[in-house]
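Enquirer: Handing you a structure now.
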Amino acid sequence: MNLLALNPMTLFSALPGNIAQGMIWGIMAIGVYMTFRLLRFSDLTVDGSFATGGAVAVMLIINGVPAPAALLVSFCTGMLAGLVTGLLHTAFGIPDILSGILSQIALYSINLRIMDGKANQAVSVDKYFLVVSLRNIPRSLIVGGCIALAVILVLYWFFGTELGSAIRSTGCNPAMSMAQGININATKVLTLALSNGLVALSGALLAQYQGFSDVNMGRGAIVIGLAAVIIGEVMGEALIGKRLNFFGRLLFVVVGGIIYYIVVGLVLWMKMPSNDLKLFTAIIVAIFLAVPYLREKSRNSYAKAAKKGAK
Amino acid sequence: MLEINNVHKTFNKGTINEKPALQGVDLHLNPGDFVTIIGGNGAGKSTLMNAVAGVWPVDEGSVVIDGENITGYPEYRRAKLLGRVFQDPMTGTAATMEIQENLALAARRGERRGLSWGISKEEKEQYHEMLKILDLGLEDRMTTKVGLLSGGQRQALTLLMASLKKPKLLLLDEHTAALDPKTAAKVLELTGNIVEENELTAMMVTHNMKDAIRMGNRLVMMHEGRIIYDVEGEEKKKLHVSDLLEKFEQASGGEFANDRMMLA
């Protein structure tokens, strides 16, 4: 690889597009943050519900529904997907990861049905009004940023309310929550529904941005979401430290998504094979997830104890 | 206030591990009663607590609190009537949430949780005053995450939370067993004060016979899923540990000498 042969200008010119895409994925990552961090539920539904959001939005738009209304319907459809996962887990006692996988696999068929049996459906920005598009990146940045900010503000408020506090305590300590009269099954289902609603909203935005929906567009979404959550956390804690409040945490999740896509842009610019992208992502997420555990272990290791004890 | 009528519970029914944990327990508490429950390992003390708290449904019998038959209520629905403190100090509080947030959660026990703000300004002032009474310095750390507190501090906070919204019945399940003796004594003293000031009806499971005699106005001894001894008032005050040991020996046919109660 000859780095000198690369043109910095192309990297620079790709930057706004990467940021817009990262913002859209950041909204998805906020959904992942809600389940993974607040509820402590590893929800794999998102790979399916992300594509559902895209499929619903595109099909509605090409059938004449205004794009903003299509976004709203996508959100609601995503909530439905989360509701199913939640019920599989709470009403039928299926473990969390498996409930998500079942929904995800079911959604694959459902998404194909939504898209009239086709693996992808195009929606041209020339023919329809779309809220975001890679053909109009400045507007995409503004609209994407506004939607992300609105989501953060609403969630910041919501998780400060009585109901939101009940969700946080459910994730932290289910036994205590029940003793305080919280119906933890209800809070879990609600969180999963809201989370997948956001994921589908993000999918609906991405489909418009790229000009098509694809049945595979959600594949690996959970990993990208986790990457954004973790990158955001590490950055937020490094930059702001102990003063990082809940608003900051949500904001940094979106920042994490943006950084992820800037890195992706960089990797593509360096002409690395884009097929390896998911491998890189998985490795990065695995490393970041392992770091806190390994750090704790190195503080408390048998090998260290043996060394000290041998003296 | 509390009526436990002929409650039965068997775990792992029909398997080789079948364990009849409660075999027809009857217990009636009057308002203001503070009953201590003792018994050997596996006697059914904690099981009785869990039957009242609704951790699982009972096989037979009924639980009635203040005239309300709660036998069919799931755990979270009974919570409106009950304050609970657990053996493990980690169980009673949410570690990643602030002290004041934990209190605010407890203040809404049994109420509909809507979209109004999770904690009000007046509440914060009120909690500040309440925490002062604990005398642990927590009033100046109200935004501290509970996970940073010690076991004793967390247990004291749980006690405060359990009594914040006056419960019909306070359930204390060996709540000092996991604490060091000094902290245990402090939490126990606090328990006595809170029960007295709020005129609560309370049940306390304990392994410590001295505590069982000293605390409350009534004492119940369990053995093999039944209540074998029930004493109150003056008679209870006159009890000695040796009396209780004798009772245990009678009930268990001498095996009791090996029980860890001896150490208490």
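The values are calculated or read from the model by the stated rules, or taken from the named source; none is laboratory data. Just so it is clear, the structure is predicted and the values come from calculations on it, not from any experiment. We place every Cβ from the backbone using ideal geometry, glycine too, and count neighbours over all the protein chains shown. Side chains are part of the model used for accessible areas, which takes the heavy atoms of the whole protein and leaves out ligands, DNA and RNA. Shrake-Rupley method; radii C 1.70, N 1.55, O 1.52, S 1.80 Å.
Enquirer: Would you pull out the residues with amide H under 5 Å of A:Thr161's amide H, same chain only if 5 or more places away, H placed 1.01 Å from N?
Expert: Excluding prolines and chain starts, which carry no amide H, the hits are B:Gly118.
Enquirer: What are the ³J(HN,Hα) values, in whole Hz, obtained from phi via the Karplus relation 6.51 cos²θ - 1.76 cosθ + 1.60 with θ = phi - 60°, for each residue of segment B:39-55 in sequence order, with x given for Gly and Pro?
Expert: Here the 3J(HN,Hα) series is x, x, 5, x, 6, x, 5, 5, 4, 5, 4, 5, 5, 6, 6, x, 4 Hz.
Enquirer: Run the accessible area of the protein assembly as shown with a 1.4 Å probe and give the carbon-and-sulfur part as a rounded percent.
Expert: 59
Enquirer: Quick one: accessible area per residue over the protein assembly as shown, 1.4 Å probe, rounded to a whole number of Å²?
Expert: 46
Enquirer: Starting from segment A:122-170, pick out the trypsin sites (Lys or Arg not before Pro) whose DSSP state is loop and whose Cβ has at most 16 other Cβ atoms within 10 Å.
Expert: When the trypsin sites (Lys or Arg not before Pro) of segment A:122-170 are filtered for loop state and at most 16 Cβ neighbours within 10 Å, A:Lys127, A:Arg135 remain.
Enquirer: On to the next question. Give the cross-link partners of A:Lys304 among the aspartates and glutamates, using a straight C-alpha distance below 19 Å as the criterion and excluding same-chain residues fewer than 8 apart.
Expert: A:Glu296
Enquirer: Same structure, new question: Check cross-link reach from B:Lys237 to the lysines: straight Cα distance under 21 Å, and skip same-chain residues fewer than eight apart.
Expert: Within the straight-line limit of under 21 Å, B:Lys237 reaches these lysines: B:Lys210, B:Lys247.
Enquirer: Got a sec? Charge dipole of segment A:3-298, +1 on Cβ for Lys and Arg, -1 for Asp and Glu; which of A:Ala106, A:Ala14, A:Asn183 is way out at the positive end?
Expert: A:Ala14
Enquirer: Related question: Any idea which of B:Thr206, B:Ala162, B:Leu48 is furthest toward the positive side of the dipole for chain B, if Lys and Arg beta-carbons carry +1 and Asp and Glu beta-carbons -1?
Expert: B:Ala162
Enquirer: Moving on. Charges only on Cβ, +1 for Lys and Arg, -1 for Asp and Glu: so what's the dipole of chain A about the Cα centre, in debye to the nearest 20?
Expert: Approximately 1120 debye in magnitude.
Enquirer: What residues does segment B:98-131 have that are buried by at least 50 Å² of accessible area in the full protein assembly compared to the chain on its own, 1.4 angstrom probe?
Expert: When all protein chains are present, B:Leu105, B:Arg113, B:Leu115, B:Trp117 each give up 50 Å² or more of accessible surface.
Enquirer: Taking the Cα centre of the protein assembly as shown as origin, work out the dipole magnitude from +1 charges on Lys and Arg Cβ and -1 charges on Asp and Glu Cβ, in debye rounded to 20.
Expert: Taking the Cα centre of the protein assembly as shown as origin, the dipole is about 2140 debye.
Enquirer: To the nearest 500 deg cm²/dmol, what mean residue ellipticity at 222 nm is calculated for chain B from DSSP H runs of n ≥ 4 alone, each contributing -39,500 (n - 2.57), summed and divided by the residues?
Expert: Value at 222 nm, helices only, nearest 500: -10000 deg cm²/dmol.
Enquirer: May I pose another question? Hey, got the dipole for segment A:9-130? About the Cα centre, +1 on K and R Cβ, -1 on D and E Cβ, debye to the nearest 20?
Expert: 40
Enquirer: Straight-line reach from B:Lys9: which lysines have Cα under 20 Å away, leaving out those fewer than 8 places along the same chain?
Expert: Filter leaves B:Lys19, B:Lys45.
Enquirer: Are there residues in segment B:64-79 whose accessible area shrinks by at least 30 Å² when all protein chains are included rather than the chain by itself, and which are they (probe 1.4 Å, ligands and nucleic acids not counted)?
Expert: At a threshold of 30 Å² (probe 1.4 Å), the residues of segment B:64-79 that become less exposed are B:Glu75, B:Tyr76.
Enquirer: At a probe radius of 1.4 Å, figure out the B/A buried accessible area, summed over both chains, and give it in Å² to the nearest 100.
Expert: Buried: approximately 2100 Å² between A and B.
Enquirer: Okay, next question. Could you tell me which chymotrypsin sites (Phe, Trp or Tyr not before Pro) in segment A:10-119 are loop residues by DSSP with no more than 15 other beta carbons within 10 angstrom of their beta carbon?
Expert: A:Phe92
Enquirer: While we're on this one: Apply the a/c threshold of 1.5 to the C-alpha gyration tensor of chain A and tell me whether it is rounded, prolate or oblate.
Expert: oblate
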